[in-house]
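These notes concern the structure reproduced below.
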C-alpha cells in the first residue's frame, strides 16, 4: 500500500498557481494543452477513486477519451476536492485488495493503485512544468514509482499507448528525473 496523500496534496498546491491565460499553453504531453491536462486530471481522479472503491461505471469502464480543451469554470475547487477524495479512497481498508478497474482495464488493485498514483504524480509534474511551478515528489513515492514504471522500460510493446520510449538520463540523475525520463518525457522540458 502506497500513500497517495503527499502526491495529491502536492498537485492540489499547484492549482492556485495556474493562470487562466496558461490554459491554452503547451504541456510535456504534446497532444494536451494545460486545459486538456486539467480536464484529464478531473476525469482520472474519478476513475481511480471508483477503482479504489471497487465500483464499475462510466468513469472507469471505458478507455479515456481525449478531454476537452476548456475546463469547467469551477475546475479549481473541483480538482482539489477530487484529489482529496482520491487520496481518501486509496487509504481506505481493502482498497489495495482484489481487482480494480480503470480506463476499461482490470488489474489487481495493488497494481491499479500504482497506476493511479503514477497518473497523478506524472500529470502533476506536467502541470507544474507547463505553468512554471516547483514540483518535488517525496522519496517514498519516487522509489515506488521508479520501480513500477521501470519494470518494463525496455519493452516498448508493453508501454504502447501508455508512455513514449524511455529517455536516457545521466547516471547521477536524481530519482525524479529518472522517473520522468522513464515515462518518455524530457526532465528539462520547458514551455
Discussion item. Within the stretch 1-53, take every residue that is at pLDDT below 95 and more than 15 Å from residue 129 (Cβ to Cβ) and give me the one that is surrounded by the most Cβ atoms within 10 Å (Cβ to Cβ).
Written reply: 2
Worksheet entry | Meets criteria (out of contact with any strand residue (DSSP E or B) (no Cβ under 7 Å at 6 or more places or on another chain), modelled with pLDDT of 95 or more, assigned to a strand (DSSP E or B) and under 23 Å from residue 149 (Cα atoms)) for residue 101 | yes
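Test residue 94 against the stated conditions and say whether it is out of contact with any strand residue (DSSP E or B) (no Cβ under 7 Å at 6 or more places or on another chain) and outside any loop (DSSP other than H, G, I, E, B). Quick ask: steps written out before the conclusion?
Details: out of contact with any strand residue (DSSP E or B) (no Cβ under 7 Å at 6 or more places or on another chain): yes; outside any loop (DSSP other than H, G, I, E, B): no.
No: the conditions fail for residue 94.
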Worksheet item: For the stretch 60-91, how many residues are touching a residue at least 40 places away in the same chain (Cβ under 8 Å), in a loop (DSSP other than H, G, I, E, B) and under 23 Å from residue 12 (Cα atoms)?
Response: 4
Worksheet item: Does the stretch 141-185 hold any residues that are surrounded by 14 or more Cβ atoms within 10 Å (Cβ to Cβ), in a loop (DSSP other than H, G, I, E, B) and modelled with pLDDT of 85 or more, and which are they?
Response: 166, 167, 169, 173, 183, 184, 185
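Can you tell me which of 46, 10 is more than 13 Å from residue 121 (Cα to Cα), in contact with a helix residue (DSSP H, G or I) (Cβ under 9 Å, 6 or more places away or on another chain) and assigned to a helix (DSSP H, G or I)? Working first, answer last.
Values: 10 fails: more than 13 Å from residue 121 (Cα to Cα).
46 is the lone residue from the list that is more than 13 Å from residue 121 (Cα to Cα), in contact with a helix residue (DSSP H, G or I) (Cβ under 9 Å, 6 or more places away or on another chain) and assigned to a helix (DSSP H, G or I).
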Fill in: Single unsatisfied condition, residue 110 versus (1) more than 25 Å from residue 27 (Cα to Cα); (2) at pLDDT below 95
(2)
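Quick one: in the stretch 17-38, of everything that is part of a loop (DSSP other than H, G, I, E, B) and more than 18 Å from residue 77 (Cα to Cα), which residue is farthest from the chain's Cα centre (by Cα)? Give the steps one after another, and end with the answer.
Within the stretch 17-38, the subset part of a loop (DSSP other than H, G, I, E, B) is 18-19, 25, 27-32.
If we keep only those that are more than 18 Å from residue 77 (Cα to Cα) as well, we get 25, 27-32.
On the way: 25: 19, 27: 14, 28: 13, 29: 12, 30: 15, 31: 16, 32: 14 Å.
The selected residue is 25.
The values are calculated or read from the model by the stated rules, or taken from the named source; none is laboratory data. Keep in mind that this is a model prediction, so the values were computed, not measured. Cβ atoms come from the backbone with ideal geometry, glycine included; neighbour counts cover every protein chain shown.
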